[in-house]
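A.B. asks: To start, I am sharing the structure in question, which I have written as C-alpha cells.
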Amino acid sequence: MALPYAIPRDAGAFEHAHARGFTRLSDAALARFAVDSLIEEAQLTPKPALVDGRGSGAHRDLDLPLMLRSARALEPTFSALARASRGRTPSMTLRAELAQIGRVGEQDMMRATDGSNAHRGAIWIVGLLVAGASIVSNTAPELHSQAQSDVARVCKLAAQIACFPDRFAAPADSHGQRVRQRFNVGGARQEAQDGFPHVIGVGLPALHAARSKRIGENLARVDTLLAIMASLDDTCLLHRAGLDGLRAGQRGARAVLAAGGTSTAAGRAAFDALESALLTLNASPGGAADLLAATLFIDKLAHHAASGS
C-alpha cells in the first residue's frame, strides 16, 4: 500500500512481538481481548471529533458511558464467534454462522445503547479477527508456517472468511452501503477482504514507531489513530460530510503527523485545527476508530505471543 508519508518502524520490537506462536487462547480470553480493545479505544483521549473522555465529539447520540456499555455487552458475541470458529477453516458455512452471531450481537448492542449504533463496524472488523485468532490458536505449533507469523495468519484467515458471501443476509441499505456506492470506496468490507491493510500496514507499524519515541502509550495510540486516518477512505466521514469531510480528516491527520505528532506543541496545534474542522462539518472518523480497536486487538495477540502467557 502506498502511504502519503513514511512511518518509521521499530523493526526489532515489531518483529520480536510477532515471531513466536500463540499458546492456546480460550474463547473467553479472545473475547476479553476484543472487549478491552473496544474499551481502550473509547477511553482514549483526545480523539478528533470522536467520543472520548472530554465529551461526545460530533455525536449527539453517543457518550463515553454508552460506548463502554456497548463494548461490555458484546463480550458474549465475541466469545460465540471464537467458539464457532475453533477447529474450523474458512468456508461459506462458517461465514454464514458468524454473520448470524454478529446480527445477534448487533441486537445486544442496540439494547445496551437504547438504539444507538456504537459498535456495528467493530463487530464486523474485530469479530472477524477474533474468528481468525481462534482458528490460529487452535492449530498445533508444529503445523505453523515458518514464513508467516501468527499475527499475519490471523488477518489472512479473517480475510478469507470475509470473502465468502453471507447467503442469509437481508438486502443491505445501510449508511455504509450507500456511501460505498456513491463514492466508489471499499469501506470496512473491503478492508477485511484485503487482509486488514490499515491494521498490518499502518496501525501496528505506527504504534510501534510511536512507542519507540517513548512519548507515552496514550499519545502513541492517538498518533496511531491519526496514521490510520491519514490514508483511510473513512465511510463515516463520507457519510456525515462527503468528500469535504474525508479530505479534512486525511489532510488534518497528515498535518499533525508532519508536525511531529501529538506529543509536540506544533502537532497539538495541528490536532486542534483538525478537530475544529471536523466539528464544523459535524464529521467523525468512526471507521478509523474501529481500525484502531482492531490494531489494539492484534497488538494484544502479539504481546501474548511474545510473552507466551
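What follows draws every value from the coordinates through simple rules; no lab data is involved. Values in this document were obtained by computation on a predicted structure and should not be read as measured data. Because the Cβ atoms are built from the backbone with ideal geometry, glycine has one as well, and the counts that use them run over all protein chains shown.
A.B. asks: Please list the non-local residues whose amide H lies under 5 Å from the amide H of ASP52, H modeled 1.01 Å from N, same-chain partners needing a gap of 5 or more.
C.D. replies: Counting only residues 5 or more places away or on other chains, the set is GLY57.
A.B. asks: Note down the net charge around HIS239, summing +1 for each Lys or Arg and -1 for each Asp or Glu among other residues with Cβ under 11 Å from its Cβ.
C.D. replies: Values: positive: ARG178, ARG180, ARG182, ARG240; negative: ASP234.
Taking every Cβ under 11 Å from that of HIS239, the sum is +3.
A.B. asks: Something else now. With unit charges on the beta carbon (Lys/Arg positive, Asp/Glu negative), name the residue among ALA258, GLY195, PRO46 whose Cα is farthest towards the positive pole of the charge dipole of the chain.
C.D. replies: So the residue furthest toward the plus end is GLY195.
A.B. asks: Using square roots of five times the C-alpha gyration tensor eigenvalues, list the equivalent-ellipsoid semi-axes of the chain in whole Å, biggest first. Let's see the in-between values first.
C.D. replies: Numbers: eigenvalues 160, 112, 60 Å².
Computed over the chain, the values are 28, 24, 17 Å.
A.B. asks: OK, next. Pulled fully out, how much extra length does the chain show between ARG247 and VAL104, if you take 0.36 nm times their separation in residues and subtract their Cα-Cα distance? If you can, show how the numbers build up before the last one.
C.D. replies: On the way: separation 143, 0.36 × 143 = 51.48 nm, distance 3.48 nm.
Additional length available on full extension: 48.0 nm.
A.B. asks: Using a Cα-Cα cut-off of under 12 Å, which aspartates and glutamates could be cross-linked to LYS213, ignoring same-chain neighbours fewer than 8 residues away?
C.D. replies: Correct list for LYS213: ASP10, ASP223.
A.B. asks: Tabulate in residue order the Karplus-calculated ³J(HN,Hα) for region 47-61, using 6.51 cos²θ - 1.76 cosθ + 1.60 with θ = phi - 60°, rounded to whole Hz; enter x for Gly and Pro.
C.D. replies: 10, x, 6, 9, 4, 7, x, 8, x, 9, x, 8, 9, 9, 10
A.B. asks: A further question on this structure: Using the count of nearby Cβ atoms within 10 Å as a rough guide to exposure, how do VAL199, VAL185 rank from fewest to most?
C.D. replies: By the 10 Å Cβ count, ascending: VAL185, VAL199.
A.B. asks: Given the Cα-Cα distance of THR89 and ARG167 and 0.36 nm per residue of separation, how much length would full extension add, in nm? Could you put the intermediate results ahead of the total?
C.D. replies: Working: separation 78, 0.36 × 78 = 28.08 nm, distance 1.75 nm.
Going from the current span to full extension adds 26.3 nm.
A.B. asks: Using the Cα centre of region 196-252 as origin and beta-carbon charges of +1 (Lys, Arg) and -1 (Asp, Glu), tell me which of THR235, LEU246, ALA209 is placed farthest towards the positive end of the dipole.
C.D. replies: Sorting the options by dipole projection puts first ALA209.
A.B. asks: Now for a separate question. Which residue, LEU274, LEU30, LEU226, tops the fluctuation ranking in a GNM of the chain built on C-alpha contacts under 10 Å?
C.D. replies: Comparing LEU274, LEU30, LEU226 in the GNM, the peak value goes to LEU274.
A.B. asks: Using a Gaussian network model of the chain with C-alpha springs under 10 Å, which one of LEU207, LEU237, LEU25 is most mobile by mean-square fluctuation?
C.D. replies: Among LEU207, LEU237, LEU25, the largest mean-square fluctuation in the Gaussian network model of the chain belongs to LEU25.
A.B. asks: Which value, in debye to the nearest 20, describes the size of the charge dipole of the chain about its Cα centre when Lys and Arg Cβ atoms bear +1, Asp and Glu Cβ atoms bear -1, and nothing else is charged? Mind showing how you got there, number by number?
C.D. replies: On the way: 33 positive and 29 negative charges, 49 e Å.
Its charge dipole is roughly 240 debye.
A.B. asks: In what sequence, highest mean first, do 156-162, 259-265 appear when ranked by Cβ atoms within 10 angstrom? Walk me through the numbers before you get to the answer.
C.D. replies: Details: 156-162: 22.9, 259-265: 17.3.
Order by mean packing, descending: 156-162, 259-265.
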